[in-house]
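J.: Take a look at this one; I'll ask things after.
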Amino acid sequence: MSSADQRHWSWGAELVSGGGADFRLWAPNQRSVSLIAVDSGQSVAMQPSENGWFSCTTDAVPVGGAYMFALANGMRVPDPATRAQRGDVHGPSILTDPTAYDWQSEVWTGRAWHEAVIYELHTGTFTNEGTFSGVAARLGHLADLGVTAIELMPVAQFAGNRGWGYDGVLPYAPHNAYGTPDDLRRLVDAAHGHGLMVLLDVVYNHFGPDGNYLHVYAQDFFDKSRQTPWGAAIDFREPAVRIFFIENALYWLDEFRLDGLRLDAIDQIIDPTDDFVLKELAREVRSRFPDRHVHLTSEDESNRTTLHERHGDDGRVQLFTAEWNDDFHHLAHVAATGENEGYYVDYDQPVPLLARSLAEGFAYQGEPSRNWNGRPRGEPSNHLPPSAFIDFLQNHDQIGNRAFGDRLTSLAPPNVIDTLTTILLLSPHIPLVFMGEEWAETRPFMFFTDFHGELADAVREGRRREFSRWSAFNDADSRARIPDPNAIETFDASKIDWTAADRDAHRSRQELFRRLLALRREHIVPRLGRTEGNAALRHAYSRSLFMVSWRLGVDAKLTLFGNLGGKTGDIPMTFWPDLKSSASFDPASIIAAMPESASAAIVAGLLPAWSVVVTVTGADGLAQGGR
């Protein structure tokens, strides 16, 4: 059997039985490529094969040793599929042994999706250490809170030491500023020991502006006819390109035992072939890991449902598990703050659309969007189960893409946030919270990078120009106050303050999270796995009040009554279940009320300002299972 037959992955370097390693590079624009063993200086000619591939099998590079590829003109480049780097993105790659780590959580097979409570974090700012090990040390806090999954913002190697990760250029290599590949494995291992899933955000729509050398030797990697908002578009018609990303997904799930991936901005992934690359990717994932709970989620501004359809007979996930629901965030944000510029222009009547989003998934399901210049946005989504939608009040984008990285805590009163948090955590959608949200963190999360020279200038000025359409930044002086993404102070200011978690005011917010997540675990999660599409029995709304009722499991019913206005409101007759009056309302069905006074008020047919009451009725034996 040849070394190529033994390979697990198509790209990069792999150890082979009997010693040595096999190295492969797709370089269709090169007539020759050599492997350079950096530590010894030895050069090994790589053999060309069909379709632009070059390969060699050699023991010139030991495990832990550094290597580069030398192109025909002598230029040396890192391996685009390197598993680790020595230094930055321009330097040598490292040959690693993925089997050396001794896993402790051998029996872990994951958790069912309906159990997911997601905690999004950025490795570099989650702790003062800014490392995988730093994250691992805080996992007990998250498990105690009631979180069941952590979602890491992208960790693939990007230029510099500071960044969000969406400008990665070496998608197979954990960033060495965060630790080694085995440090990431230890984090995953420790999370599983706490009963936590680990999801990873991956970027398959573009490469960052610094350190991507693919265009030098593989020009057909990119679609010359199209640009994304962040750089050259990727050409998924090329088989070598498709396999680069499909295997990248499999690699993270296999060699790091991750529980799922979140694919960033898939609306920028364009594939004109008959088999859309993301469908092929999802099928490969489903077939490769049949005995594990593996979850694929996506961010898609266009509100499509194609990738998230369920199997007709039993409702099983076919391709993707869930979609980030920006509509929910935008509606909650407008209700809380009154902001109406930028993309918030589509959400100036938040209560009716929020009721629809909670009941049916997306708020925009094909209606014209002012933010899209009148073009229709979205597809019908009510046929999907509630667990196909991931809701959030804050995330990296919605905080970090503000000029000063303001958190919702700094923009809305505590009672408003408490009410919206209750809705978030007790709706049947999957909740996501952003690091520090559980104790009402007030430190900002700003946009930060670690670029230098002309690129740093371009990024700083480009970011400031982005805000010129906002009224608060329509002059140069106001835009000049926007923090420089490349300044170390911008990064340092974005680190969350763990000492705040122990202060009295912040402890009460954590207790709210614990209490609500315990209620979710008791009343919603056991039924959610059996909840299918078209689950909303009805929804209604008035100017500031809304009601949504869902069938959960076999015959249980979950209902939210909410008032997102500043005055006490009379509950309309149409809000009562089965169109009956408040006289038939059973106070014993209430599982949560925010504020507590809303429990008594609803019996009298009233909802106080900024309040929510959650009820569960019926008995379905708390049917377990699901997907």
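The values are calculated or read from the model by the stated rules, or taken from the named source; none is laboratory data. Fair warning: this is a prediction, and the values are worked out from it, not measured in the lab. Backbone-built Cβ (ideal geometry, glycine too); neighbour counts: all protein chains shown.
J.: Given (1) in contact (Cβ under 8 Å) with a residue 24 or more places away in the chain; (2) over 30 Å from Arg257 (Cβ atoms); (3) of a type in the set (A, V, I, L, M, F, W, C), where does Phe222 come up short, assuming only one miss?
T.: Among (1) in contact (Cβ under 8 Å) with a residue 24 or more places away in the chain; (2) over 30 Å from Arg257 (Cβ atoms); (3) of a type in the set (A, V, I, L, M, F, W, C), Phe222 violates only (1).
J.: Is there a residue in segment 568-591 that is surrounded by 18 or more Cβ atoms within 10 Å (Cβ to Cβ), under 24 Å from Val334 (Cβ atoms) and within 29 Å of the chain's Cα centre (by Cα)?
T.: No.
J.: Moving on. Could you check Tyr178 against (1) farther than 22 Å from Leu296 by Cα; (2) not in a helix (DSSP H, G or I); (3) not assigned by TED's automatic domain parsing to the domain that holds Phe451 and say which number it fails?
T.: (3)
J.: Does segment 210-219 contain any residue that is modelled with pLDDT of 95 or more, crowded, with 18+ Cβ neighbours inside 10 Å and not in a loop (DSSP other than H, G, I, E, B)?
T.: Checking segment 210-219: at least one residue is modelled with pLDDT of 95 or more, crowded, with 18+ Cβ neighbours inside 10 Å and not in a loop (DSSP other than H, G, I, E, B).
J.: Let me ask something else. State whether the residues of segment 168-180 include one that is surrounded by 23 or more Cβ atoms within 10 Å (Cβ to Cβ), over 20 Å from the mean Cα position of the chain (by Cα) and either modelled with pLDDT of 95 or more or of a type in the set (D, E, K, R) (or both).
T.: yes
J.: Can you say whether Ala282 is surrounded by fewer than 21 Cβ atoms within 10 Å (Cβ to Cβ) and of a type outside the set (D, E, K, R), as far as the supplied structure shows?
T.: no
J.: Let me ask you something else. Could you tell me whether any residue of segment 376-384 is in contact with a Gly (Cβ under 9 Å, 6 or more places away or on another chain) and polar (S, T, N, Q)?
T.: Yes, segment 376-384 contains a residue that is in contact with a Gly (Cβ under 9 Å, 6 or more places away or on another chain) and polar (S, T, N, Q).
J.: Here's something else I'd like to know. Output the number of the condition that Leu411 fails; it satisfies all remaining conditions of (1) surrounded by fewer than 24 Cβ atoms within 10 Å (Cβ to Cβ); (2) over 29 Å from Gln510 (Cβ atoms).
T.: All conditions are met except number (2).
J.: Further, regarding this structure: Run Val612 past the list (1) surrounded by fewer than 20 Cβ atoms within 10 Å (Cβ to Cβ); (2) under 27 Å from Thr409 (Cβ atoms); (3) of a type in the set (Val, Ile, Thr) and report the number of the one that doesn't hold.
T.: (1) is the only condition that Val612 fails.
J.: In segment 16-49, which residues are in contact with a Ser or Thr (Cβ under 8 Å, 6 or more places away or on another chain), assigned to a loop (DSSP other than H, G, I, E, B) and closer than 22 Å to Ile243 by Cα?
T.: Matches in segment 16-49: Val16, Met46, Ser49.
J.: Also, I was wondering about something else. Any chance segment 94-106 includes a residue that's crowded, with 22+ Cβ neighbours inside 10 Å, closer than 17 Å to Ser34 by Cβ and not aromatic (Phe, Trp, Tyr)?
T.: Yes, segment 94-106 contains at least one residue that is crowded, with 22+ Cβ neighbours inside 10 Å, closer than 17 Å to Ser34 by Cβ and not aromatic (Phe, Trp, Tyr).
J.: I need the helices (runs of 4 or more DSSP H) fully contained in segment 433-513, keeping only those with at least 1 residues that are assigned by TED's automatic domain parsing to the domain that holds Asn161 and at pLDDT below 90.
T.: 453-466, 476-480
J.: Only one of Asp267, Asp274 is within 17 Å of the chain's Cα centre (by Cα), surrounded by fewer than 16 Cβ atoms within 10 Å (Cβ to Cβ) and either over 15 Å from Thr109 (Cα atoms) or of a type in the set (A, V, I, L, M) (or both); which?
T.: The unique qualifying residue is Asp267.
Residue-wise test of (1) more than 18 Å from the chain's Cα centre (by Cα); (2) among the aromatic types (Phe, Trp, Tyr).
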| site | (1), (2) |
| --- | --- |
| Ala355 | yes, no |
| Phe362 | no, yes |
| Glu367 | yes, no |
| Ser387 | no, no |
| Asn401 | no, no |
| Asp406 | yes, no |
| Leu411 | yes, no |
| Val416 | yes, no |
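J.: Counting just the residues of segment 474-521 that are among the acidic types (Asp, Glu) and without any contact (Cβ under 8 Å) to a residue 60 or more places away in the chain, which one comes out surrounded by the most Cβ atoms within 10 Å (Cβ to Cβ)?
T.: Applying the filter and picking the extreme gives Asp484.
J.: Right, something else. May I ask you to list pairs of residues, at least six apart or on different chains, whose Cβ atoms are under 6 Å apart, with the first in segment 369-394 being closer than 28 Å to Tyr119 by Cα and the second being at pLDDT 95 or above and among the acidic types (Asp, Glu)?
T.: If the second residue must be at pLDDT 95 or above and among the acidic types (Asp, Glu), the pairs left are Ser381/Glu360; Asn382/Glu360; Gln394/Glu437.
J.: What about Leu331, is it closer than 24 Å to Leu545 by Cβ, modelled with pLDDT of 95 or more and in contact with a Pro (Cβ under 6 Å, 6 or more places away or on another chain)?
T.: Taking the combined requirement at face value, the residue satisfies it.
J.: Related question: In contact with a Lys or Arg (Cβ under 9 Å, 6 or more places away or on another chain) and part of a helix (DSSP H, G or I) - does that describe any residue in segment 354-369?
T.: Taking every residue of segment 354-369 in turn, at least one turns out to be in contact with a Lys or Arg (Cβ under 9 Å, 6 or more places away or on another chain) and part of a helix (DSSP H, G or I).
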